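Peer 1: The structure is given below, and queries will be raised subsequently.
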Amino acid sequence: MSSEKYSIAISKEQLAELPLVEFPGAITVLETMPDALSALRFLSTQSIVGFDTETKPNFRKGQCNTVSLIQISTADHSFLFRLNKLGFFEEMRKFLECETTTKVGLSLKDDFHVLHKLSPFEPGGFIDLQDMVKKYNISDSSLQKVYGIIFSGRISKSKRLSNWEAPTLSESQQIYASIDAWACLRIYHYLHDGRFNPAESPYKVYPCETT
């Protein structure tokens, strides 16, 4: 069977058995322009960062919300930019367009689509993990499943539909948002450094099997 073609996928049941992921770094919530600009100056010195966004969920038909939060993370520090308070400011637009700092995310077309509702911009220096994982026979495309396959950990999604425009982000919201951006960066480094061997994955699925 080892010579047969296979893909790598994890079932909901397998994922549910994995231990929850904890964010190991510092978190900074940015709500004022001076603080946001200071954080961007630091992030602009980094060669690569993790990236994600959060949008207030829609519960009414026809309702369309814009991005509430942009998360940018290094290996040990997450920066949460509250766009509902800061707006899509010019320095952020320039950072998202620059090629000098690589931004790693997942399903970036969705992020860009919602961000474009705030202001037009030309994304630069982005890497989408959905494209990258295909080279490793990983057929799952959600961040939760990709992370589970590679690191045998489960990212909680309990706060995904919480209010991202609340006056103050709760500690659990901050952790949830930070993990998503940080996880993208961690996955990228692990794959880029050649530390993931698809042939040794316990989640190999052959054509006759299902997940």
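The values are calculated or read from the model by the stated rules, or taken from the named source; none is laboratory data. The structure presented is a predicted model; accordingly, all values stated were derived computationally and were not measured. Every residue, glycine as well, gets a Cβ built from its backbone with ideal geometry; the counts of neighbours run over all protein chains shown. Just so you know, the surface numbers come from the protein's heavy atoms only, side chains and all, with ligands and any DNA or RNA stripped out. Shrake-Rupley method; radii C 1.70, N 1.55, O 1.52, S 1.80 Å.
Peer 1: Run the simple label-point estimate for residue 85 and residue 26 please: 7 Å along Cα→C-beta, distance reported in nm.
Peer 2: With each label placed 7 Å out from Cα toward Cβ, I get 1.8 nm.
Peer 1: While we're here: Each residue of segment 194-199 in turn: what ³J(HN,Hα) in whole Hz from Karplus with 6.51, -1.76, 1.60 and θ = phi - 60°, glycine and Pro shown as x?
Peer 2: x, 8, 9, 10, x, 5
Peer 1: Antiparallel DSSP bridges in the chain: what percent, to the nearest 5?
Peer 2: Of the beta bridges lying entirely in the chain, close to 50 percent run antiparallel.
Peer 1: Counting pairs of alpha carbon atoms under 8 Å apart in space and at least six apart in sequence, what relative contact order in percent does the chain give?
Peer 2: For the chain, the relative contact order is 33 percent.
Peer 1: Accessible area per residue of the chain at 1.4 Å probe, in Å²?
Peer 2: Ligands and nucleic acids excluded, the result is 51 Å² per residue.
Peer 1: Please report the base-10 log of the normalised intensity I(q)/I(0) for the chain, using a Debye sum with one equal scatterer per alpha carbon and no solvent, at each q in 0.07, 0.09, 0.14, 0.16 (1/Å).
Peer 2: With one equal scatterer per Cα and no solvent, log10 I(q)/I(0) is -0.22, -0.37, -0.85, -1.08.
Peer 1: Per DSSP H run of at least 4 residues, take -39500 (n - 2.57); add these up for the chain, divide by its residues and hand me the 222 nm value, nearest 500 deg cm²/dmol.
Peer 2: Value at 222 nm, helices only: -9500 deg cm²/dmol.
Peer 1: Of the heavy-atom accessible surface of the chain (probe 1.4 angstrom), what whole percent is carbon and sulfur?
Peer 2: In the chain, the share of accessible area belonging to carbon and sulfur is 49 percent.
Peer 1: Arrange the peptides 19-30, 70-81 so that the one whose residues have, on average, the most other Cβ atoms within 10 Å appears first.
Peer 2: Most protected by this proxy first, the peptides run 70-81, 19-30.
Peer 1: Can you name the helices of the chain, as whole DSSP H runs, whose Cα span along the helix axis is 20 Å or more and whose Kyte-Doolittle mean is not below -0.5?
Peer 2: Membrane-span-like by this rule: 171-192.
Peer 1: I've got another one for you. Amide H neighbours of residue 68 under 5 Å, counting only residues 5+ apart in sequence or on other chains, H built in-plane at 1.01 Å?
Peer 2: 54, 55, 56
Peer 1: Considering Cα pairs under 8 angstrom that are at least six residues apart, work out the relative contact order of segment 124-211 and quote it in whole percent.
Peer 2: 27
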